[in-house]
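Asker: Here it is: the structure, laid out below.
The values are calculated or read from the model by the stated rules, or taken from the named source; none is laboratory data. All of these numbers come straight from a predicted model, not from anything done at the bench. All Cβ positions, glycine included, derive from the backbone under ideal geometry; neighbour counts span all protein chains shown. Please note that ligands, DNA and RNA were not included when accessible areas were found on the heavy atoms of the full protein model with its side chains. Shrake-Rupley method; radii C 1.70, N 1.55, O 1.52, S 1.80 Å.
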Amino acid sequence: MRAHHNFIVRPRLPAPLAPLGVLALNLYWPRYYETAELFRCLSPELWEECGHNPVLFLRRLPQERLNAAAQDPYYIESLTQIYDPSWAAAHGMDGDAVIAYFSAEFGLNEALPIYAGGLGVLAGDHLKSASDLTLPLVGVGLLYRHGNFRQRLDSKDCQQEVYPFYDFYELPLELERDGDGNPLTVPVAFPEREVRVKIWKARAGRLHLYLLDSDCPENRETDRSITDTLYGGDLEKRIQQEILLGIGGMRALAALKIEPSVYHLNEGHSAFLVLEHIRRLQEKHGLDFATAFELAKASHIFTTHTPVPAGIDLFPPYLMDKYFTAYYQSLGLSRHEFLALGRQDPNNQQEPFNMAVLALRLSSWANGVSRLHGQTARKMWQSVWPNLPAEEVPISHVTNGVHITSWVGEAMLKLFDRHLGPSWRENQAKEETWAPVAKIPDWELWQAREKQRHALIKFAREKLARQLLNRGAALKDIEEARAALDPEALTIGFARRFAAYKRPALLFHDGERLKQILSDFRRPVQIIFAGKAHPQDEEGKKLINYILTQSRREEFKGKIIFLEDYDLNIARYLLQGVDLWLASPRRPLEACSTSGMKAVLNGALHISTLDGWWDEAWEPETGWAIGRGEVYDDPLYQDAVEAELLYDLLERDIIPLYYERDARGLPSGWLARVKKSIQAYAPVFNSRRMVEEYADKFYLPAARLYRRLHENDQQRARELARWKKGVEDSWSQVRIEKVEGTGTENLEVGDNLSIRAIIALGPLKPEDVRVAVYYGPVDGKGEIIAGEKLFLPSCQDLGGGRYLYTASLPCRRSGRQGYSLCVFPYHEDMGQPYAMGLILWG
Ligand SMILES: *Cc1c(COP(=O)(O)O)cnc(C)c1O
């Protein structure tokens, strides 16, 4: 008989196991392996079946198994040792500064698949380190019903996308409710309707992450699916998602009574929040747009991750009209003024609305994610500040880092625990913490490395066999998969999103040469690939197909494999187990890349083109650089040259070094490099250093500025807005009348060059401006390269709004030099000196 009513009975968690329930709801476990083991050991098969989702796991576990664990003194002992209630307690949000961190994706744990790749994993690591540092931060994102797609490889070696359906009640999430116990929802205005969003809370250590979900019964059917997939759908869905993230996210924080004083925009997807922030300030304090603009801007930090214009969200004016007409009217703006906020050229009526431009115009602080990317971003966005030289575009950089204890394998962590002293985790960002690595005995390091490699090979074999079984492969192939790879061989890893610029097929450029490299049975080498292509990226999908077809060739069988459905779990095994991590992006298209950092922290060595982090990190004694950062006009030629260099490095340096064994059978030369690499990179490329840098450079100054501008009924914000208006109106009257250098002849190193400049400021006062001189060597075209800047402090009032400035330039280098004088507006309440983009050269 068919059941007419269904109900679910969950196992009851016995009282001694209560901490297990608390741990299950937290996405960040500071002691990851021990905590995962607490769950896994109760039923290893079920743990895998549940995709390492502890909430689902506890629901499905038989009651008897829980009862037995509750009575097992050893189990209870381990549980009490691992569970630290002080850590699990939410960070008190009652301090006056709260940082809201907005991101379209978060990769904290494989159980909550709301990430697509590097951006999300970085956001996850940011939250974990912020929790470690007890920073008062909250995350804001979207909760995707289908998560990110899962990758299936079909029998034709093509990627298929599968969209699972997640039941949020079976994930480590808690629904926010109102006083009556009903789901707390916030409204967001859409054309002719309102969309309501629910708020789910996830916990990341001490911190909360609030995730919005439009799947509410009050919404239209089509609106219920706005948050169903990550980066799926068309442009209109994209704008809808971004409205929910930015504007809905602000409303959610307000409904939760969280009043941030700093907003961090992790990429431009959330940039609409700046508008809602302005609108709220206007409404709350009765401010005009210009004043609310200054106030809001003081608290915004924008991190860009995209070195190519194609990666930026652009919305055509008709879509902006559809969704924002009522909104910009409520801000007191005309259509033109509003659209100009998102245009590189405010007067170009054709230009689409650019989310990165909106974020840049409305943030006091902006940064790229590596030194090289900072440079690239300054050039890329120079059009937003047309008068500034690229070096002065107000975008700095904070190089990404990774969360060490989430990424380093158990064997290597134990090694660090034994050798680095008790507080190495807290002191991980100090160089001296890692000095003892030099003294780790070779055999101990090699043992840890072998352990992690063996774990990877075991995992890869099982995974490969399973993925073949699922696609109906021949029994013989499945048997072969179980014996694929060699646990003792030099193992190369390449796993990341499959995008053409990352060049996953570079190793196959000369198939014959690769075959030679892989077929030396005395020095075996093998390669493991993994990675998804964006569903709309046909080129990326072709590359996956290409590698799969290659891996099937007789000479590569069992030596080149591709693991399906790259995620945090596969990443962990791969990055912990490989000996060599390969990256081959086309410079400068990789903003930073973090997988190489995870690999080197595990004692792998890194080989890459000089792009992203490797451009600032590479040293000849630690890893290998493919080329020296040359960029050729012909990409095919570039590929050929760099493939050649890659083969040379493998044949001449890497493989011989790996197989050069000493009397004890250890690769001592290789291990010496591993130690140097850990010492050089661990203190720098960790997310604790990164979050501390964000806090020092941006969060603290932003919170301070925001508070200051708020004081006395926003008096300083009003003054700042008024001052800016005044400067804009009178800037055309500022003139550099005369600049002269005395003694420009017969200068020798050590002499000083005197500069006198007469500047007419019109109605402005000397305190409204800064005068500086740029000087340095000039190239053939007369451009100052790597110039230095000197501010001119002294000025003499010549009457009539004219002032005399003098300076004395030290001549430190010989050769052809040049200088240029500039005047720009200055106010102490502006976050960045050049933020107004007004500058006069002479
Ligand atoms: C670290 C990581 C990434 C980022 O890799 P890149 O090197 O930046 O391409 C992507 N996906 C997963 C699962 C990761 O763990």
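Asker: Go through the range 102-133 and report how many residues are within 16 Å of the ligand (Cβ to nearest atom) and in a helix (DSSP H, G or I).
Answerer: From the range 102-133, those within 16 Å of the ligand (Cβ to nearest atom) are 103-129; that's our starting set.
From what's left, in a helix (DSSP H, G or I): 118-129.
Selection size over the range 102-133: 12.
Asker: Right, something else. Any residue in the range 357-375 that is under 27 Å from Ser103 (Cβ atoms), under 16 Å from the mean Cα position of the chain (by Cα) and open to solvent by 50 Å² or more (accessible area, probe 1.4 Å)?
Answerer: yes
Asker: If only one of Gln550, Gln467 is more than 16 Å from the ligand (Cβ to nearest atom), open to solvent by less than 50 Å² (accessible area, probe 1.4 Å) and under 20 Å from Asp639 (Cα atoms), which one is it?
Answerer: Working: Gln467 fails: under 20 Å from Asp639 (Cα atoms).
It is Gln550.
Asker: One residue is enough: does the range 134-148 have a residue meeting the conditions within 14 Å of the ligand (Cβ to nearest atom), assigned to a loop (DSSP other than H, G, I, E, B) and crowded, with 17+ Cβ neighbours inside 10 Å?
Answerer: Of the residues in the range 134-148, the ones within 14 Å of the ligand (Cβ to nearest atom) are 147-148.
Still in the running and assigned to a loop (DSSP other than H, G, I, E, B): 147-148.
Filter again for crowded, with 17+ Cβ neighbours inside 10 Å, leaving 147-148.
For the range 134-148, residues within 14 Å of the ligand (Cβ to nearest atom), assigned to a loop (DSSP other than H, G, I, E, B) and crowded, with 17+ Cβ neighbours inside 10 Å: present.
Asker: Still on this structure, please answer the following. Select from the range 575-586 the residues that are of a type in the set (A, V, I, L, M, F, W, C), more than 8 Å from the ligand (Cβ to nearest atom) and more than 19 Å from Val684 (Cα to Cα) and list them in ascending order. Show your work before the answer.
Answerer: So in the range 575-586, the residues of a type in the set (A, V, I, L, M, F, W, C) come out as 575, 578, 580-583.
The next check asks that each one be more than 8 Å from the ligand (Cβ to nearest atom); those that pass are 578, 580-582.
Result: Val578, Leu580, Leu582.
Asker: Just need a number here: residues in the range 519-533 that are surrounded by fewer than 18 Cβ atoms within 10 Å (Cβ to Cβ) and either within 14 Å of the ligand (Cβ to nearest atom) or not basic (Lys, Arg) (or both). I'd like the intermediate steps shown before the answer.
Answerer: Here is the first cut: in the range 519-533, the residues surrounded by fewer than 18 Cβ atoms within 10 Å (Cβ to Cβ) are 519-524.
Among the residues that remain, those that are also either within 14 Å of the ligand (Cβ to nearest atom) or not basic (Lys, Arg) (or both) are: 519-521, 524.
Residues flagged as surrounded by fewer than 18 Cβ atoms within 10 Å (Cβ to Cβ) and either within 14 Å of the ligand (Cβ to nearest atom) or not basic (Lys, Arg) (or both) within the range 519-533 amount to 4.
Asker: Taking the range 289-303 only, how many residues are farther than 16 Å from Pro260 by Cβ and open to solvent by 10 Å² or more (accessible area, probe 1.4 Å)?
Answerer: Within the range 289-303, residues that are farther than 16 Å from Pro260 by Cβ and open to solvent by 10 Å² or more (accessible area, probe 1.4 Å) number 4.
Asker: Can you name the residue in the range 496-512 that is out of contact with any Gly (no Cβ under 8 Å at 6 or more places or on another chain) and more than 18 Å from Gln638 (Cβ to Cβ) and is also nearest to the ligand (Cβ to nearest atom) among such residues?
Answerer: In the first step, residues of the range 496-512 are kept if they are out of contact with any Gly (no Cβ under 8 Å at 6 or more places or on another chain); the result is 501-503, 505-512.
Then drop every residue that is not more than 18 Å from Gln638 (Cβ to Cβ), which leaves 511-512.
On the way: Gly511: 25, Glu512: 29 Å.
Going through the qualifying residues, I end up with Gly511.
Asker: Taking Ala500, is it open to solvent by 20 Å² or more (accessible area, probe 1.4 Å), in contact (Cβ under 8 Å) with a residue 40 or more places away in the chain and of a type in the set (A, V, I, L, M)?
Answerer: Values: open to solvent by 20 Å² or more (accessible area, probe 1.4 Å): yes; in contact (Cβ under 8 Å) with a residue 40 or more places away in the chain: yes; of a type in the set (A, V, I, L, M): yes.
Here the answer is yes, as Ala500 does meet what is asked.
Asker: Of these, Lys542, Lys515, which one is assigned by TED's automatic domain parsing to the domain that holds Ala599, touching a Phe, Trp or Tyr at 6+ places or on another chain (Cβ under 8 Å) and either buried (at least 16 other Cβ atoms within 10 Å of the Cβ) or outside any loop (DSSP other than H, G, I, E, B) (or both)? Reasoning before the result, please.
Answerer: On the way: Lys542 fails: touching a Phe, Trp or Tyr at 6+ places or on another chain (Cβ under 8 Å).
Matching residue, one of Lys542, Lys515: Lys515.
Asker: If you don't mind, another one. If you take the residues in the range 609-639 that are touching a residue at least 24 places away in the same chain (Cβ under 8 Å), assigned to a helix (DSSP H, G or I) and open to solvent by 10 Å² or more (accessible area, probe 1.4 Å), which one is farthest from Leu580 (Cα to Cα)?
Answerer: Within the range 609-639, the match that is farthest from Leu580 (Cα to Cα) is Pro635.
Asker: Additional query: Scan the range 294-323 for residues that are hydroxyl-bearing (Ser, Thr, Tyr) and modelled with pLDDT of 95 or more and jot them down. Step through it out loud before you land on a result.
Answerer: Step one: of the range 294-323, the residues hydroxyl-bearing (Ser, Thr, Tyr) are 299, 303-304, 306, 318, 323.
Hits for the range 294-323 are Ser299, Thr303, Thr304, Tyr318, Tyr323.
Asker: Does at least one position in the range 593-608 carry a residue that is part of a loop (DSSP other than H, G, I, E, B), within 28 Å of Asp417 (Cα to Cα), more than 14 Å from the ligand (Cβ to nearest atom) and open to solvent by 10 Å² or more (accessible area, probe 1.4 Å)?
Answerer: First, the residues of the range 593-608 that are part of a loop (DSSP other than H, G, I, E, B): 593-594, 602-604.
Now narrow it down to the ones that are within 28 Å of Asp417 (Cα to Cα): 593-594, 602-604.
With the extra rule that they be more than 14 Å from the ligand (Cβ to nearest atom), the set shrinks to 603.
Still in the running and open to solvent by 10 Å² or more (accessible area, probe 1.4 Å): none.
No, there is no match, as no residue in the range 593-608 is part of a loop (DSSP other than H, G, I, E, B), within 28 Å of Asp417 (Cα to Cα), more than 14 Å from the ligand (Cβ to nearest atom) and open to solvent by 10 Å² or more (accessible area, probe 1.4 Å).
Asker: Step by step: first the residues of the range 562-574, then only those that are crowded, with 19+ Cβ neighbours inside 10 Å and under 13 Å from Arg466 (Cβ atoms), then the one that is farthest from the ligand (Cβ to nearest atom). Which residue is that?
Answerer: Glu564
Asker: Take Leu589 and tell me if it is within 13 Å of the ligand (Cβ to nearest atom), of a type in the set (A, V, I, L, M) and open to solvent by 10 Å² or more (accessible area, probe 1.4 Å). Walk me through it before giving the result.
Answerer: Numbers: within 13 Å of the ligand (Cβ to nearest atom): yes; of a type in the set (A, V, I, L, M): yes; open to solvent by 10 Å² or more (accessible area, probe 1.4 Å): yes.
The answer is yes for Leu589.
Asker: Moving on to the next point. Please work out which one of (1) in a strand (DSSP E or B); (2) open to solvent by 50 Å² or more (accessible area, probe 1.4 Å) is the condition Thr222 fails and give its number.
Answerer: With respect to (1) in a strand (DSSP E or B); (2) open to solvent by 50 Å² or more (accessible area, probe 1.4 Å), Thr222 is out only on (1).
Asker: Within the group Asp768, Asp751, Asp779, which residue is free of Cβ contacts under 8 Å to residues at least 60 places away in the same chain and farther than 26 Å from Leu362 by Cα? Outline the logic, then answer.
Answerer: On the way: Asp768 fails: farther than 26 Å from Leu362 by Cα; Asp751 fails: free of Cβ contacts under 8 Å to residues at least 60 places away in the same chain.
Criteria check complete, one pass: Asp779.
Asker: If we scan the range 566-581, do we find a residue that is within 21 Å of the chain's Cα centre (by Cα), part of a loop (DSSP other than H, G, I, E, B) and closer than 17 Å to Val369 by Cα?
Answerer: No, the range 566-581 has no match at all.
Asker: Taking the range 192-219 only, how many residues are open to solvent by less than 30 Å² (accessible area, probe 1.4 Å) and outside any strand (DSSP E or B)?
Answerer: Summing the residues that are open to solvent by less than 30 Å² (accessible area, probe 1.4 Å) and outside any strand (DSSP E or B) in the range 192-219 gives 4.
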